[in-house]
């Protein structure tokens, strides 16, 4: 059994009941039953408000990040984020640099951090992996407003998120994403940026620039297929100036990570990334808009303790 569970202190599970189009709410009785079967005391806390820790750095009362701060202050040794990548990012913001470990259970739509850490997407299996898992230190990314654990960047993907948040808020889930992708692609043009990595400048014209701590986002798009969570460096992936048709033709290969062999794709590694541009471009981190360029990201080596399956 996980060492952190040996003292009988209840595990705090922070769950977003609205995540995964209601998947979070349905997961609550499963979580309660499975933890009881394993003899692990549990405290479940449901979020009442959307969080802003990733986007603005603010721990909004009732949000996942705020509840995580409360749990740590009350002596929790491990805090579980049960939801999608948004919930994970909010809780991680509260736990970076803290003595508490982050656990993750799949109860969202994308679940990209679940993939990256080798956690099962089957909820009872993921709970069993947690109970019998071990802790591991991983890196975090620092943004102007807070932290991210997955992927940040600018360009097409950030424009898609901007479209979802400002033009298609009446749509949800996959429908919202597909509509926003199509609408964005119809008007999007490659953008000029100045990319500075560890002090070295790279003038580029890009479709997108992903600053990756982990490998995938958007529900399995392996945009940075060789990124490692404990490397102490970002993997920076640029998709250069390609036509709409070429972008659409190449897009499916991102799910296998084979897009990096395309001649218009460049991959760098680095600890410090500064992105500037002639016009302000939306910036994304862990699926949330965090502002616009110019933006600076830096790696926080071993900044977060997470619970992972045995053998991971």
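The values are calculated or read from the model by the stated rules, or taken from the named source; none is laboratory data. If you're wondering where the values come from, they're calculated on a predicted model, not measured in any experiment. Cβ coordinates were reconstructed from backbone atoms using ideal geometry, including for glycine residues, and neighbour counts include every protein chain displayed.
For the reader, a short list of remarks on this structure follows.
- Among (1) within 27 Å of residue 220 (Cβ to Cβ); (2) modelled with pLDDT under 95 - the single one residue 133 does not satisfy: (2)
- Residue within segment 32-41 that is in contact with a helix residue (DSSP H, G or I) (Cβ under 7 Å, 6 or more places away or on another chain) and surrounded by 20 or more Cβ atoms within 10 Å (Cβ to Cβ) present: yes
- Any hit, segment 233-246, residues being assigned by TED's automatic domain parsing to the domain that holds residue 207, surrounded by fewer than 21 Cβ atoms within 10 Å (Cβ to Cβ), touching a residue at least 40 places away in the same chain (Cβ under 8 Å) and not in a loop (DSSP other than H, G, I, E, B): yes
- Residues considered: 83, 118, 97. Of these, the only one that is buried (at least 24 other Cβ atoms within 10 Å of the Cβ), assigned by TED's automatic domain parsing to the domain that holds residue 17 and either under 20 Å from residue 29 (Cβ atoms) or modelled with pLDDT under 95 (or both) is 83.
- Answer residue from segment 278-299, given it is touching a residue at least 24 places away in the same chain (Cβ under 8 Å) and surrounded by fewer than 19 Cβ atoms within 10 Å (Cβ to Cβ) and is nearest to residue 118 (Cα to Cα) among those: 298
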